[in-house]
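A.B. asks: Please read through the structure below; I'll follow up with questions.
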Amino acid sequence: MGATAIGITFNEMMSGGVAMAETDPVRGHANPQAAVLQMFNTITIDDVDRFIAEPNHAGSIQGHINWAPFGANITAPTGVFNLFSPTGDPTLKLMVYELAIEHAGKPYYLAGHKNVKAHPIIDMWKDTTTLYTQLFEGRDKSGPVAAAGIVSLSPIELLKMTSTFRALHAPSLEAGAAAVAKFGRFFLGELWDTYVSKAAV
């Protein structure tokens, strides 16, 4: 039998203004009626090597949200997570976060993306922490948009997130640390490719 694949998991919390009856994230975030949405995610990558090798860099995600219009601890047992997913634009990759939730017996789909684009490096923090978010009626993004806004990762939450990284299925502490480090090198390499290599062209 082959060696068991080593994975990683980590937690991330983002928050920001999301307004009902808005379809555009920027307008929704600026709406005085926007309510703060907190998005708590647990991201799992079952096989770090496969995750890095596959073009869409897909993992799994689950979590819950707090948002006044819907209430607290709205659970999301399933969702979609992609890191540096390619688009038709060679200078643009997406970080994708999508959660399937329910409220008052109805399904909703919270879908957001971060635009990792070939910008000057000064824009890297904003690009990689700003999630443009829409809430769709139904079980996917085909339904009407019920709300929109922007949630983001704060510096404090980034520090908290880094402390939650841990390896899965590692045969030793050394192997687990190597898997986490490999993910870190991949992440930094993608940022270098976007904000240094491509931005300089």
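Each value in this text was obtained by applying a stated rule to the coordinates, not by laboratory testing. Since the structure is predicted, the reported quantities are computational estimates derived from the model, not experimental observations. As a convention, Cβ positions derive from the backbone with ideal geometry for all residues, glycine included, and neighbour counts pool all protein chains shown.
A.B. asks: Normalised by the number of residues in the chain, what is the relative contact order in percent for Cα pairs under 8 Å and 6+ residues apart?
C.D. replies: With pairs under 8 Å counted, the relative contact order is 25 percent.
A.B. asks: Same structure, new question: Which FRET efficiency, nearest 0.05, do residue 157 and residue 75 yield, Cβ-Cβ r, R0 25 Å? Please list the in-between numbers first.
C.D. replies: Working: r = 20 Å, r/R0 = 0.80.
With R0 = 25 Å, the Cβ-Cβ based efficiency is 0.80.
A.B. asks: Taking θ = phi - 60°, what integer Hz values does the Karplus form 6.51 cos²θ - 1.76 cosθ + 1.60 yield along segment 7-13, in sequence order, with x for Gly and Pro?
C.D. replies: Running phi through 6.51 cos²θ - 1.76 cosθ + 1.60 with θ = phi - 60° gives x, 9, 9, 7, 10, 8, 10 Hz.
A.B. asks: Once phi is turned into ³J(HN,Hα) by the Karplus curve 6.51 cos²θ - 1.76 cosθ + 1.60 with θ = phi - 60°, what whole-Hz value does each residue of segment 136-149 show in order, with x for glycine and proline?
C.D. replies: 3J(HN,Hα) across segment 136-149, in whole Hz: 9, 6, x, 9, 7, 7, 7, x, x, 7, 9, 6, 7, x.
A.B. asks: Please compute the length gained on full extension between residue 49 and residue 142, using 0.36 nm multiplied by the number of residues separating them and subtracting their Cα-Cα distance.
C.D. replies: This chain segment gains 30.2 nm when fully extended.
A.B. asks: Please order 6, 65 by the number of other Cβ within 10 Å, starting at the fewest.
C.D. replies: So the ranking, lowest neighbour count to highest, is 6, 65.
A.B. asks: Can you match mean projected area of the Cα convex hull in nm² to one of these, (1) 12.7; (2) 10.0; (3) 10.6, based on a calculation from the structure here?
C.D. replies: Step by step, mean projected area of the Cα convex hull in nm² for this structure corresponds to label (1).
A.B. asks: With a 10 Å cut-off between alpha carbons and a GNM built on the chain, which of 123, 140, 24 moves the most?
C.D. replies: Of 123, 140, 24, the most mobile in the Gaussian network model is 123.
A.B. asks: Highest mean first, what order results for 127-139, 42-54, 170-182 on Cβ atoms within 10 Å?
C.D. replies: Order by mean packing, descending: 127-139, 42-54, 170-182.
A.B. asks: With Cβ to Cβ distances under 9 Å as the rule, what net charge do the other residues near residue 109 carry (K, R +1; D, E -1)?
C.D. replies: -1
A.B. asks: Next question. Could you work out the relative contact order of segment 135-201? I mean the mean sequence separation of Cα pairs under 8 Å and 6+ apart, divided by the number of residues, in percent.
C.D. replies: 15 percent
A.B. asks: Quick one: Cα centre-to-centre distance for segment 89-164 and segment 20-46, in angstrom?
C.D. replies: Centre-to-centre distance over Cα atoms comes out at 7 Å.
A.B. asks: A further question on this structure: Can you spot the aspartates and glutamates whose alpha carbon is less than 17 Å from residue 141's alpha carbon? Ignore those fewer than 8 places along the same chain.
C.D. replies: 22, 24, 98, 102
A.B. asks: Another question, if that's okay. Can you tell me, using C-alpha contacts under 8 Å and at least 6 residues apart, the relative contact order of segment 19-66 as a whole percent?
C.D. replies: Details: 43 pairs, mean separation 17.3, N = 48.
About 36 percent, as a whole number.
A.B. asks: How far apart, in nm, are the 7 Å Cα→Cβ label points at residue 24 and residue 172?
C.D. replies: 5.7 nm
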